[in-house]
Amino acid sequence: MKQIVFIILTLIFAQPAFSANSLDELYRDLIRADNEGYLPLFVKNRKVPDILSDDKIPAAPQPVASTPTPNDVPQEVSFVDPRQKEVEAAKAEAQAWENAIKAIQENRVTPIELEEVLKRVEQNNPRAIEIYAWMLTKGVGVKQNLIKAFQLYQQAAKLGVLNAENNAAQIYRVLSPDERAYLAKNS
């Protein structure tokens with residue numbers, strides 16, 4: 001009789017708590033058992049408490065429509081440092097100038113490079129004036145104009161560009177008598 005009781009008790013207690021055949025089923029049974037055990041209600045039920053439902057909260061009063069004042073208009077907030085913008089703009093301008101000079105040296109002047117040079121000529125930049133005078137003398141990127149080149153070399157000489165007077169003198173030597181008369185009349 002002791003053996004029968006022992007076998008019955010062994011069968012009762014030896015039966016696994018979960019009747020899972022695979023690890024997946026074992027995991028699912030474990031989760032099910034955890035959820036049936038003690039868990040807070042908000043985890044177990046996963047419902048929004050009644051105090052947070054929309055029908056319990058009174059509606060906010062609507063503002064009276066009025067014309068916006070300058071204080072009402074939201075102002076944009078910039079997260080970019082203005083000094084950093086200035087530095088980047090200066091770098092971009094310097095790079096554009098370098099690209100223009102390189103294109104002129106390689107005789108592949110486009111309107112972009114020409115515009116860059118003319119912008120600096122208007123600002124009275126001595127190097128830009130000398131480069132533009134050279135372009136007009138050689139006809140690089142622009143139509144050859146010795147009269148304008150002569151005038152620009154004279155302007156560059158006044159700004160202290162080395163050899164600008166010599167370049168102006170060389171251009172004057174190759175000018176025709178009509179061009180020289182035009183210069184004399186318009187100077």
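The values are calculated or read from the model by the stated rules, or taken from the named source; none is laboratory data. Predicted, not measured: the structure shown is a model, and the values here were computed from it. In this analysis, Cβ positions are derived from the backbone assuming ideal geometry, glycine residues included, and neighbour counts consider all displayed protein chains.
Taking interchain pairs and intrachain pairs at least six residues apart, which have beta carbon atoms under 7 angstrom, with the first residue in the range 149-161 and in contact (Cβ under 8 Å) with a residue 12 or more places away in the chain and the second part of a helix (DSSP H, G or I) and acidic (D, E)?
A156/E130; V161/E130
Take the range 102-114 and flag every residue that is acidic (D, E) and either modelled with pLDDT of 95 or more or surrounded by 18 or more Cβ atoms within 10 Å (Cβ to Cβ) (or both).
The initial filter retains those residues of the range 102-114 that are acidic (D, E), namely 106, 113.
The answer is E113, and nothing else.
Would you check if there is a residue in the range 124-141 being surrounded by 15 or more Cβ atoms within 10 Å (Cβ to Cβ), aromatic (F, W, Y), without any contact (Cβ under 8 Å) to a residue 60 or more places away in the chain and closer than 15 Å to Y153 by Cα?
Within the range 124-141, one or more residues are surrounded by 15 or more Cβ atoms within 10 Å (Cβ to Cβ), aromatic (F, W, Y), without any contact (Cβ under 8 Å) to a residue 60 or more places away in the chain and closer than 15 Å to Y153 by Cα.
Of everything in the range 63-101, what is at pLDDT below 90, over 18 Å from the mean Cα position of the chain (by Cα) and of a type outside the set (G, A, S)? Give them in sequence order.
Within the range 63-101, P63, V64, T67, P68, T69, P70, N71, D72, V73, P74, Q75 meet the criteria.
Restricting the search to the range 136-169, which residues are closer than 21 Å to P111 by Cα and part of a loop (DSSP other than H, G, I, E, B)?
Our first condition is that a residue be closer than 21 Å to P111 by Cα; within the range 136-169, this holds for 136-146, 148-149, 152.
Within the range 136-169, G139, V140, G141, V142, K143, Q144, N145 meet the criteria.
Determine, yes or no, whether A133 is touching a Lys or Arg at 6+ places or on another chain (Cβ under 6 Å) and under 23 Å from E106 (Cβ atoms). Steps first, answer last, please.
Numbers: touching a Lys or Arg at 6+ places or on another chain (Cβ under 6 Å): no; under 23 Å from E106 (Cβ atoms): yes.
No.
Right, I131: closer than 15 Å to A164 by Cβ, in a helix (DSSP H, G or I) and aliphatic (A, V, I, L, M) or not? First the steps, then the outcome.
Details: closer than 15 Å to A164 by Cβ: yes; in a helix (DSSP H, G or I): yes; aliphatic (A, V, I, L, M): yes.
Taking the combined requirement at face value, the residue satisfies it.
Which of the residues spanning the range 170-185 are hydrophobic (A, V, I, L, M, F, W, C), surrounded by 14 or more Cβ atoms within 10 Å (Cβ to Cβ) and part of a helix (DSSP H, G or I)? Give the steps one after another, and end with the answer.
Within the range 170-185, the first condition is being hydrophobic (A, V, I, L, M, F, W, C), and the residues that meet it are 171, 174-175, 181, 183-184.
Restricting the remaining residues to those that are surrounded by 14 or more Cβ atoms within 10 Å (Cβ to Cβ) gives 171, 175, 183.
Within the range 170-185, I171, L183 meet the criteria.
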